[in-house]
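Okay, so here's the structure we're looking at.
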Amino acid sequence: RDGVPHHCLPVLQKLQILEFLLDELLNVDFIAAEFTRRHAITSCYPHSFGLAPTEEEFENLENADECGICGLEGDLVCCDGCPSSYHKRCLGMDPRTELPDEKWL
């Protein structure tokens, strides 16, 4: 889009691109069949996204040293529920925004 690198696009544009690509992908017969097969297997799972990490897992979590969106290092916000880290600007946040001292997921 106008020569702007993907990692510099606003989050809304990234989501629109992703939505378009996923819609196209779901129109491929064998992909649609695979999703249907997986849904049949996993629809009975009680926790759709898996179990939340335990307090011990939270404490021992080691986050990535590069942004999960653009892949670059820098001043990163670390997810407290997984090993991902992100630049505030890559999340569509003002880089000067202060985050509260609580778990960030």
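The values are calculated or read from the model by the stated rules, or taken from the named source; none is laboratory data. As the structure is a prediction and not an experimental result, all values here were calculated from the model. Every residue, glycine as well, gets a Cβ built from its backbone with ideal geometry; the counts of neighbours run over all protein chains shown. Protein only, heavy atoms only, side chains kept; ligands, DNA and RNA dropped before computing areas. Shrake-Rupley method; radii C 1.70, N 1.55, O 1.52, S 1.80 Å.
Picking from GLY50, GLY68, which residue would you name as being without any contact (Cβ under 8 Å) to a residue 24 or more places away in the chain, within 25 Å of LYS14 (Cβ to Cβ) and surrounded by 15 or more Cβ atoms within 10 Å (Cβ to Cβ)? Spell out how you get there, then give the answer.
Working: GLY50 fails: surrounded by 15 or more Cβ atoms within 10 Å (Cβ to Cβ).
Residue meeting the stated conditions: GLY68.
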Whichever residue in the stretch 1-32 is open to solvent by less than 60 Å² (accessible area, probe 1.4 Å) and either of a type in the set (S, T, N, Q) or part of a helix (DSSP H, G or I) (or both) and, among such residues, is nearest to LYS88 (Cα to Cα): VAL11
Flag if GLY74 is out of contact with any strand residue (DSSP E or B) (no Cβ under 9 Å at 6 or more places or on another chain) and either on the phi > 0 side of the Ramachandran plot or in a loop (DSSP other than H, G, I, E, B) (or both): no
One residue from PHE35, PHE58 being surrounded by 10 or more Cβ atoms within 10 Å (Cβ to Cβ), in contact (Cβ under 8 Å) with a residue 40 or more places away in the chain and not in a loop (DSSP other than H, G, I, E, B): PHE58
Single residue of the stretch 71-88 satisfying the filter (in contact with a Pro (Cβ under 8 Å, 6 or more places away or on another chain) and at pLDDT 90 or above) that is most open to solvent (accessible area, probe 1.4 Å): ASP75
